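Structure, as structure tokens:
Where a number appears in this text, it was derived from the coordinates with a stated rule and is not lab data. Predicted, not measured: the structure shown is a model, and the values here were computed from it. Don't worry about glycine lacking a Cβ; one is built from the backbone with ideal geometry, like all the others, and counts go over all protein chains shown.
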């Protein structure tokens, strides 16, 4: 079988990324242009600015990805692009670019679900990993516990009822004065704190074993800070960060291990931006080791938004015969398992 080379494009939020992926699991290039420095000035992602920066950078990023892969557009077999979920303006930049290249070069166009891309990031560094397996997806906008039944085929066991884990990290980081981006800053501050210092609650959803809720935890942190301010008590930022983070990690690990036991799953993976959190990675690894479960996690560079994961997911869609027409559009609220 001839090698399949796919150019993948990712522009769902504030990273402009392009990658050339061979046969789904070999990364020939992975170029990421981040906008974090710009959005830090505003305390979060500004959609209009993100879209404009994608327009400015996307051609440069693709040229560099092709150059680093020693590949030309004529060497490609398909174009894969994130078409949802994400910021609609940001997504449209990547989708328009992908359609233009595919049309000009008469190449198949493959729209990829962003969250499916995060799951596929595990395939990049783990050649032994194949479905079925259990995967915890934790990012800024999503917290899902799923069974990956096959490539691109998912059974959702649980999801967040309110804030995603990443949203909670960002909101708590802002409340304790750490700023944006919240996840990495809380992770860093927590290393200096005592995770047992404050007894924050572990969120439970009464009518669902595997669903998540983090709004109550977020409120508990805000109440703690308000009470300290009203009573003129000092606040140890590191202790708050560590105690909050431990509460999130405990719930994520507990739900995942319960599902693994009930479904007798011997392979567990994590995916998404929050999967780069060191406390979560350590706790999940220890929990899996204790239960003789094989644990998979992408390197941090493949946890955050990147195009290599889109190329990997796109490859398996390509093999299944997935092709999109020139009417492919951005779908900002695309649900996991949906096809636009």
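Between region 285-306 and region 126-175, what's the alpha-carbon centroid distance in Å?
12 Å
Quick one: compute the contact order of the chain, relative version, from alpha carbon pairs under 8 angstrom and 6+ residues apart, as a percent.
After rounding, I find 25 percent.
Quick check on the chain: of the DSSP beta bridges with both residues there, what percent are antiparallel, nearest 5%?
Of those bridges, close to 60 percent are antiparallel.
Compute the angle between helix 278-290 and the longest alpha-carbon principal axis of the chain, please, reported from 0 to 90 degrees and rounded to the nearest 10.
Once rounded, one gets 90 degrees.
Could you sort the peptides 123-136, 163-176, 226-239 by per-residue average Cβ neighbour count (10 Å cutoff), highest mean leading?
Working: 123-136: 17.9, 163-176: 23.2, 226-239: 12.1.
Most protected by this proxy first, the peptides run 163-176, 123-136, 226-239.
Between residue 56 and residue 128, what length in nm is gained on full extension when 0.36 nm per residue of separation is reduced by their alpha carbon distance?
Working: separation 72, 0.36 × 72 = 25.92 nm, distance 3.87 nm.
Result: 22.0 nm gained on full extension.
How compact and how long is the chain, expressed as Rg and Dmax of its alpha-carbon atoms in Å?
Using the Cα atoms of the chain, the pair Rg, Dmax is 20.2, 71 Å.
Considering Cα pairs under 8 angstrom that are at least six residues apart, work out the relative contact order of region 185-274 and quote it in whole percent.
On the way: 93 pairs, mean separation 37.3, N = 90.
Averaging sequence separation for qualifying contacts and normalising by length gives 41 percent for region 185-274.
Restricting to region 131-300, compute how many DSSP beta bridges are antiparallel as a %, nearest 5.
Working: 12 of 20 bridges.
That works out to approximately 60 percent antiparallel.
Where in region 45-61 does the label zone of residue 75 land, with the point 7 angstrom along Cα→C-beta and an amide N cut-off under 20 Å?
The answer is 59-61.
So, R0 is 41 Å and r is the distance between the beta-carbons of residue 38 and residue 292; what FRET efficiency does that work out to, to 0.05?
Working: r = 46 Å, r/R0 = 1.12.
About 0.35, to the nearest 0.05.
Considering the zone a paramagnetic label at residue 197 would reach in this model (a point 7 Å from Cα along the Cα-to-Cβ line), which residues of region 273-313 have amide N under 19 Å from it?
278-280
Taking every Cα atom in region 131-300, find the radius of gyration and the maximum pairwise distance Dmax, and write them in Å.
Gyration radius and largest Cα-Cα distance of region 131-300: 16.0, 55 Å.
Between residue 174 and residue 338, take the C-beta separation as r, use R0 = 41 Å, and let me know the FRET efficiency to the nearest 0.05. List each step's numbers first, then the result.
Numbers: r = 31 Å, r/R0 = 0.76.
Once the sixth-power term is evaluated, E becomes 0.85.
Taking 0.36 nm per intervening residue step and subtracting the Cα-Cα distance, what contour gain separates residue 223 from residue 105 on full extension? Write out the running numbers ahead of the final one.
Numbers: separation 118, 0.36 × 118 = 42.48 nm, distance 5.73 nm.
Taking residue 223 through residue 105 to full extension adds about 36.7 nm, to one decimal.
Length gain on complete extension for the stretch residue 153 to residue 278, per 0.36 nm per residue less the alpha carbon to alpha carbon distance?
Working: separation 125, 0.36 × 125 = 45.00 nm, distance 2.82 nm.
42.2 nm is the gain from fully extending residue 153 to residue 278.
For residue 258 and residue 63, FRET efficiency with R0 = 41 Å and r from the beta-carbon atoms, rounded to 0.05? Walk me through the intermediate numbers first.
Numbers: r = 47 Å, r/R0 = 1.16.
In this case the efficiency is close to 0.30.
Which angle between 0 and 90 degrees, to the nearest 10, do you get for helix 88-105 versus the longest principal axis of the chain when only C-alpha atoms count?
20 degrees
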